[in-house]
1. Size of the chain along its principal axes in angstrom, Cα-based, largest extent first?
2. Using the Karplus curve 6.51 cos²θ - 1.76 cosθ + 1.60 with θ = phi - 60°, what ³J(HN,Hα) values do you get for each residue of region 127-132, in whole Hz, with x for Gly and Pro?
3. What angle, in degrees between 0 and 90 and rounded to the nearest 10, separates the Cα long axis of helix 496-508 from the longest principal axis of the Cα atoms of the chain?
4. For region 306-449, give the magnitude of the charge dipole about the Cα centre (Cβ charges: +1 Lys/Arg, -1 Asp/Glu; no others), in debye to the nearest 20.
5. What is the total of Lys pairs in region 306-449 with C-alpha atoms under 27 Å apart, excluding same-chain pairs fewer than 8 positions apart?
6. Computed over the Cα atoms, what is the radius of gyration of region 1-123 divided by 2.2 N^0.38 Å, N being its residue count?
7. So which lysines can K556 reach, going by Cα to Cα under 21 Å and dropping same-chain residues fewer than 8 places off?
8. Which FRET efficiency value, to the nearest 0.05, do you get for Q69 and K19 by plugging their Cβ-Cβ distance into 1/(1 + (r/R0)^6) with R0 = 30 Å?
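Taken together, the values in this text are just the output of simple stated rules run on the coordinates, not laboratory data. On a predicted model such as this, the values are computed, not experimentally measured, just so you know. Using ideal geometry, Cβ is built from the backbone for each residue, glycine included, and neighbour counts are taken over all protein chains shown.
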Amino acid sequence: MASALDPCSFSSSAKCATKHLNLGYHVDFGRRVLTAKAELTVEVLQDRFSSLTLDTRDLKISSVTANGQEAKFAMGAKHSFMGTPLEITLPFELSRGQQVIVEVGYETAPAASALQWLTPEQTAGKEHPYLFSQCQANHCRSMVPCQDSPSVKHTYYAQVSVPKELVAVMSAMRDGQEPDPQDSSRVVYRFRQPVPMPSYLIAIVVGALESRVIGPRSRVWSEKELVDKAAFEFSETETMLKTAEDLAGPYVWGQYDILVLPPSFPYGGMENPCLTFATPTLLAGDRSLSNVIAHEISHSWTGNLVTNKTWEHFWLNEGHTVYLERMIGRSMESEQFRQFKAMGGWKELQESINTFGSNNPLTNLVPSLHEVDPDDAFSSVPYEKGFALLYHLEELMGGPEVFMGFVKSYIQLFAYSSVTTEEWKSYLFTYFKDKVDILNKVDWNAWMHTPGMPPVKPQYDTTMADTCIALCQRWTKAEEKDLGGFLESDVKTLSSHQLIEFLSLLLQEEPLPLSHVERMQEAYDLNAFMNSEIRYRWLRLCVRCKLESAVPAALKMATEQGRMKFTRPLFREVYGFTKYREEALLMFQDHRAAMHPVTASLVAKDLKVDASQTTTF
């Protein structure tokens, strides 16, 4: 039975709350498991408390104690995506306000959904294995028995034993290392996270890692093959951090490091505190994709400091973070740049809603997730519909400075806690108490609880987009005889952001004739671009226009990296090209075992393959 407070968790968050977690991990690459001990300091929220439920998924539990005494435990019925509730009966009764230390001894499963174990061949260095975790949304329960709900926040300490040729890092402050007293071939790394945070932000990486200092409170980490490239790419990190602090208040997490993962990492970035994870697809060589880092930095305030109470309110994390990210862009570039990025976001929202279907309830800003896997609900909707609402309110309330005042005040008020949309809205009305008449005219139901595109389309400044729009129209209107008029100079003056926009616009139109994309390649040599955002859109355009020579390149990009933003649409495009449907399926079967479990199961759904087969490694 799901918790009354969170449809995606079994844990008894109404009865008790975890305040601190102490983790001990022994990382076993041979068996692909973590042998572990978790001590949860739990505060009791009601009288006559004698039992609690924790979230687990595929964990092998060996022992449970409460304050050192043996405690009875039982595993409940397994649920398809919520895992298995661990029901613990204490050997005593407690009253409200008291605390108990519950210690669980356990082992993770080789196919734990939070963990990806890479063979040496899957890494850049090809010599050592690699482990990384990805807990958002509800995968932490596959590596820690916990209250796996963003409504519960706690501090954590960890001790991690790894082979001594490898390095461990976590979403916490590094706290030293020492030889493993049990095994001289291993090292124990220590970590502490003194700021309370939800379970989905616990993260661990073990690999042949090196680091470079890129600022007074920042390092970049990766395998040595990529570390200098990453240091160059993310050299503006401190400027972004300072800009964010000017907008949102002090950065409370101490260190802000960036870890560049192997290519199978499924997201652009993940805002793990003290250690942002980043995909290697951001390494464009010209810092043009570093806005993803501005996004992850912004999460330090919206998401990590103020957190959505359940995944139904995910837009509170992502909408505000996109808003802050674009305000950083405004400070570092210009207001026109912010407007330009907002227009691009509106198009991404349209594409997501077209993919889901405009009546799909998962396109609501606040969807119901009762019996819905939050991974299935993941899309750009909470990001871009959320941003569009905040931008609309900014216009109504008096502009960016005025509205940023509200965002900063909201962060200060709800810092260190978790919030719902209702609490956010109630504070919005309190903060703008002199403008309640304007706020009452907003169609809240259409914004929050109605599927499809938002009820209002903001009017964005098109200065930076006009060139892209004009070039797109030239191509869509061009006849065969006009193709000679397209020259390299058309795109020479476009920034990479504008080139991305031009290709995005073409993807919204009817597919171009084959002759047009062949001429586009001749004139612009788009095959030569290594910027992943340009490349991915160009390959999609080519496949959609039935350019057969682009199919191998599209499948190569879909499989040589595993960022879902690229991998899923590229597979879908090739699958949609009937002649190559079989090839798409075969390519997926060949590469499935090397994919991240979440990516594999979602691509399987896209290609209508039995998803259950994706979990066998």
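1. 85, 63, 47
2. 10, 10, x, 8, 10, 9
3. Taking the Cα atoms of the chain, the angle to 496-508 is about 80 degrees.
4. For this selection, approximately 440 debye.
5. Going through region 306-449 pair by pair, I get 24.
6. 1.14
7. The qualifying lysines are K126, K546, K565, K579, K605, K608.
8. 0.90
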